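The values are calculated or read from the model by the stated rules, or taken from the named source; none is laboratory data. Since the model is a prediction, treat every value here as computed from it, not as a measurement. Cβ placement follows ideal geometry from the backbone for every residue including glycine, while neighbour counts extend to all protein chains displayed. All accessible areas refer to the heavy atoms of the entire protein, side chains included, with ligands and DNA or RNA removed. Shrake-Rupley method; radii C 1.70, N 1.55, O 1.52, S 1.80 Å.
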Amino acid sequence: MKISFVLNGEKRSLEVNPSEILLEVLRKRLGLTSPKCGCDRGDCGACTILLDGKSVKSCLVLAVEVAGHEITTLEGLMQNGISPIQEKLLDNNSFQCGYCAPGFIVAAHELLENNCCPSVEEIREALAGNLCRCTGYTPIIDAIAQVCKCEHEGKKGGCGCEGR
Amino acid sequence: MKEDNQASAKFKYIGKNTKRVDGKEKITGAAKYVDDIDFGNSLLYAAIVESPYAHAKILSINTKKAEKIPGVVRVVTGNEFPFRFGLYMHDRYIFAQDRVRFIGEQVAAVIARDEATAQRAAKLVEVKYEELKPILSVYDALGLSSKKENKRSSEKEFGHNPKNMIHPKLSEYTHVPWFFPQDNSNIAHFRKIRKGDLESGFQEADYILEDEYTVPRYAHCAIETHASVGLCDHSGRLTMWTASQSPHTQRHLFVEALAPLGFTHKDIRVITPYVGGGFGGKAGVSMEILAAALATCVRGLPVKVIWSRSQEFYNTYQRQGVHAKIKMGVKKDGTITALEQLLYWDAGAYVEYGANVVNAAGLSATGPYRIANVKIDSVCVYTNLPPGGPYRGFGYSEFLFGLESHINEMAKKLKLDAVDFRLKNAIAEGDKLAYGASMNPNGLHECITKVAKAIEWGKKYPEDNKNKSNIVHGKGFSLFWKAPAMPPNASSSCFLKFNEDGSLNILLSAMEIGQGYFTVMAQIAAEILSVPPHKIRCETPDTDRNPYEWQTVASHITWSCGNAVKRAAEDARDQIFKLVARALEMQQEDLYLEDEAVKSKKDGKFSLKFSEFIINGIGQKDGTFRGGPIIGRGMFMPEFASAMSDPATGQGGKPNVHYTVGAAAVDLAIDKESGKIKINKVAFAVDAGCALNPDLVKGQITGGLLQGLATVLYEDMRFDDKGKLLNSNFTDYKIPTTLDVPEEIISIIVERPQPDGPFGARGVGEHTMIPAAPMVGNAVEDALGIRIKSMPITAEKIALAVLEKSENGGAGH
């Protein structure tokens, strides 16, 4: 069946089989390889993308379910270059093998959209669905904690966070 | 992290927290892993027909129904590949031959145009089996009827089990000269160490303690599963793309395994892009042999084999389980006089790699202690469970759980402080190792005292005794050590190419599995050549173009490959000096490199930028040029190492190049009712020799530590009574999440230089996970007075032990 959706800001139409998984369609048919497969059952979060701004595990979504919706992958979050989240992750040498990185960045993006300056507890909570076997998470959590969205948008203190 | 290490002051790039040179590729999703590569519409997929039995004879295989399915290209069975191969011992097959030896073993494969068709058709392959009794424990495999009855009748007869052999042809298998398989048994390798006089060592002792400890199997759980694509073209050229830690070793094993088909080294090319985590699981060759073999059956078309998460659990290497029996003798003053360690390893169905884990552990099972009289038997036992193999720590995590638990118990019995007892016996430079060689320079004592201070050793929680809360606190200590386990001639090499603008491409064949070696190699070249690391690109391996590297294992890359890179950079530097001296009539010894230019000690004004000559040469008055592209070459092999030794005593060789040592301690809280442990603080010190990049060392500490804590707190492979793995997914085999991170980690880097390391460096990658289990076991004992002798130390186990203790006052478990 034919479905239409918005992918990283661009309208797309595609013929899909009703049993096709979104992750597979993104990777093998649309050439977006930042979402990765690590478990194929929603346990690891390496395939995390945004569906209408909310993070989902794309291995648990059927392609037909996204008809009429908006999808954003890590590729779509870099339309204005590398984000402040990515900058901090780079500065902190946060990732090692890097396989889980796209999923973490997408999940962290959602967190910071809803909570400009999350506490360490809130960061741990928000990223608990993403597995990383290399880093012990500490350098990832440290980096996210250094991102204050208001600061980067020049509204320091505007949210009441006082720039942390 | 502050760059307050020794190296930082002396060097421009060494010892600095340089940002990862692969960082940008990884945070943007640009980094390519095997499954990200587009092989086009002609890509074929293979599905594997797997054994449902742990031990059975294969009577027949009928592929007719599967072959009739539209979209199926080929069905392949073991009949087409009757070849045996392996890394250290040729004991495994591409596909099972006359018998299967573990549940999930590959019996046949279906190659189809798409994945779904391959999977559907694989279910139609009919295999008839005759079930055999599976051997699921080391005691069954050794013919010892129970765990209790493991006394050894006679040295010669030990383990004889001729009627129940998993590998009846064991005596015909070829293997490295340092393995000692036992005929008519399931013993694939028996490593013996005999030092001093054990009997008199025990006679000297005032106190002797004997106990047993058990460690189960564990899974690596890299987030990327194994993936492999093979393409054999019509000229007979085989190209492999693999998620691997070992491109050259893979090429060599592919050549060996497929030699009957006429392949030589020049015919096989292994390309290894980024790897989504290794931890030893992607070392050697496991499932990759399938893509290599299958590619030869469908010439001209690429074929992909990719493991599901479940297959990743049951058909790659697993960390081997071990049963340890320890007897230790100590004098009243705390001197350890004798140690006897008997280690039975559950090595699984094939041990071509795992037997070397057993060997490495046997050589070093004294731990980092000076002990005059030693007897170690490290026994590699075949069982009908999945193949054991390399896992970060390579046997050391396994034996250290028992040994460091035992050390604590010993101290307790003698009423000695556990840290003082360790300090008294801790190994020092020049001490004689169990196999006779000398201990390398090391900062173990410094690590111990720094960790003791950081964890506030000796400071108790007095409130634990006063209130009636269910929460109790404990502290636990552990030392650790590990040497790279590798053949004595394992080597590394490097090509270093300058570009027109003075930037560099470095060709290597170690793997960037996340540890950050690309960055560290760039820092080494940068230091020698004065080119900043961000102008240096390290290339992922392609065995056609990148020079040889043995494998990215053993925590030897910083040291071994680092030496190769340093030599390549020095070679390029010397070529530059020679050229400039010749072209400009200067003296070589007056020249030095600074800020990407050649400068002169004699003439302060002289400065010749690399970009002015490094490719196109130096112009002469007559319009001719001198020079040409500068290419450095370097290699390293530890020429002092030797695996030759007396099989009966292990004495005589120098099997280990050096040890990296350290200490760690934990401060934890336990809820006595639920048994749940909360890790409050961990202090971890490692002697890195020279921390080339302290931030990356710290990354190894936070990562390895959590991986190690998980093995002691909850991870555990569970098999049923038929040998089937019950928890082959992340729902049932839980690995840590962000919610499991210790409250505080204190990373301490000690730097006692390794004389033959690049800038004094030695590896730290595996070590960071090794002390986690015993330090937790010791802290649990400190908090509850209960010694738990089997891993993992789960909440359930603690809660039950607390209950048992309150009911009958028992103290062991």
Those residues of the stretch B:705-733 which are charged (D, E, K, R) and more than 12 Å from chain A (Cβ to nearest Cβ), in sequence order: B:D716, B:R718, B:D720, B:D721, B:K722, B:K724
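Just checking: which of the strands (runs of 3 or more DSSP E) contained wholly in the stretch B:146-258 hold 2 or more residues that are over 23 Å from B:Y396 (Cα atoms) and open to solvent by 60 Å² or more (accessible area, probe 1.4 Å)?
Details: elements: B:187-195, B:207-215, B:227-232, B:238-242.
Result: B:207-215.
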Test result for B:T702, outside any loop (DSSP other than H, G, I, E, B), farther than 26 Å from B:P386 by Cα and not aliphatic (A, V, I, L, M): yes
Pair list, Cβ under 6 Å, 6 or more apart: the stretch B:18-31 residue within 7 Å of another protein chain (Cβ to nearest Cβ), other residue surrounded by fewer than 22 Cβ atoms within 10 Å (Cβ to Cβ) and of a type outside the set (G, A, S): B:G23/A:L90; B:I27/A:L90; B:A31/B:E25
Among (1) surrounded by fewer than 16 Cβ atoms within 10 Å (Cβ to Cβ); (2) within 29 Å of the chain's Cα centre (by Cα); (3) among the aliphatic types (A, V, I, L, M), the one test that B:L87 misses: (1)
Given (1) in contact with a Leu (Cβ under 9 Å, 6 or more places away or on another chain); (2) within 14 Å of chain A (Cβ to nearest Cβ); (3) not aliphatic (A, V, I, L, M), number of the condition B:P181 does not satisfy: (2)
Strands (runs of 3 or more DSSP E) wholly inside the stretch B:427-522 containing at least 3 residues that are touching a helix residue (DSSP H, G or I) at 6+ places or on another chain (Cβ under 6 Å): B:471-482, B:492-498
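Counting only residues that are assigned to a helix (DSSP H, G or I), touching a His at 6+ places or on another chain (Cβ under 9 Å) and more than 7 Å from chain B (Cβ to nearest Cβ), which one in the stretch A:68-86 is least open to solvent (accessible area, probe 1.4 Å)? Explain how you work it out, then say what you get.
Our first condition is that a residue be assigned to a helix (DSSP H, G or I); within the stretch A:68-86, this holds for A:74-78, A:84-86.
In the following step, the residues that additionally are touching a His at 6+ places or on another chain (Cβ under 9 Å) were identified as A:74, A:77, A:84-85.
Filter once more, keeping what is more than 7 Å from chain B (Cβ to nearest Cβ): A:77, A:84-85.
Details: A:L77: 39, A:P84: 51, A:I85: 13 Å².
Ranking the qualifying residues of the stretch A:68-86, first place goes to A:I85.
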Filter result (buried (at least 16 other Cβ atoms within 10 Å of the Cβ) and in a helix (DSSP H, G or I)) within the stretch B:705-746: B:L705, B:L706, B:Q707, B:G708, B:L709, B:A710, B:T711, B:V712, B:L713, B:T738, B:D740
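Please find, among B:D687, B:D671, the residue that is modelled with pLDDT of 95 or more, more than 20 Å from B:P771 (Cα to Cα) and acidic (D, E).
Numbers: B:D687 fails: more than 20 Å from B:P771 (Cα to Cα).
Being modelled with pLDDT of 95 or more, more than 20 Å from B:P771 (Cα to Cα) and acidic (D, E) holds for just one of B:D687, B:D671, which is B:D671.
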Unique residue being more than 30 Å from B:I208 (Cβ to Cβ), at pLDDT 95 or above, in contact with an Asp or Glu (Cβ under 9 Å, 6 or more places away or on another chain) and open to solvent by 10 Å² or more (accessible area, probe 1.4 Å) when the list is B:R392, B:R370: B:R392
Top-ranked residue in the stretch A:103-127 [being of a type in the set (A, V, I, L, M) and over 25 Å from A:L32 (Cβ atoms); ranked as nearest to the other protein chains (Cβ to nearest Cβ)]: A:I123
Spans of helices (runs of 4 or more DSSP H) in the stretch B:1-102 with at least 2 residues closer than 30 Å to B:I506 by Cα: B:6-10, B:23-27
Lone unmet requirement of (1) open to solvent by 10 Å² or more (accessible area, probe 1.4 Å); (2) over 23 Å from the mean Cα position of the chain (by Cα); (3) not assigned by TED's automatic domain parsing to the domain that holds B:G393 for B:P273: (2)
Inter-residue pairs, beta-carbon under 6 Å, first farther than 15 Å from B:L339 by Cα and in the stretch B:421-442, second β-branched (V, I, T) and part of a loop (DSSP other than H, G, I, E, B), 6+ apart: B:M439/B:I427
Residues that are part of a helix (DSSP H, G or I) and surrounded by fewer than 23 Cβ atoms within 10 Å (Cβ to Cβ), drawn from the stretch A:26-57: A:R27, A:K28, A:R29
Residue match in the stretch B:677-696 (condition: open to solvent by 10 Å² or more (accessible area, probe 1.4 Å), over 17 Å from the mean Cα position of the chain (by Cα) and within 11 Å of another protein chain (Cβ to nearest Cβ)): yes
Residue within the stretch B:296-308 that is within 24 Å of B:K32 (Cα to Cα), under 21 Å from the mean Cα position of the chain (by Cα) and touching a residue at least 40 places away in the same chain (Cβ under 8 Å) present: yes
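Just to check your reading of the model, which residue among B:I455, B:I448, B:I513, B:I506 is open to solvent by 10 Å² or more (accessible area, probe 1.4 Å) and in contact (Cβ under 8 Å) with a residue 12 or more places away in the chain? Steps first, answer last, please.
Numbers: B:I455 fails: open to solvent by 10 Å² or more (accessible area, probe 1.4 Å); B:I448 fails: open to solvent by 10 Å² or more (accessible area, probe 1.4 Å); B:I506 fails: open to solvent by 10 Å² or more (accessible area, probe 1.4 Å).
Exactly one of B:I455, B:I448, B:I513, B:I506 is open to solvent by 10 Å² or more (accessible area, probe 1.4 Å) and in contact (Cβ under 8 Å) with a residue 12 or more places away in the chain, namely B:I513.
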Close pairs (6 angstrom Cβ cut-off, 6 or more residues apart or separate chains): at positive phi and within 7 Å of another protein chain (Cβ to nearest Cβ) in the stretch A:137-149, assigned to a helix (DSSP H, G or I) and crowded, with 21+ Cβ neighbours inside 10 Å anywhere: A:Y137/B:T738
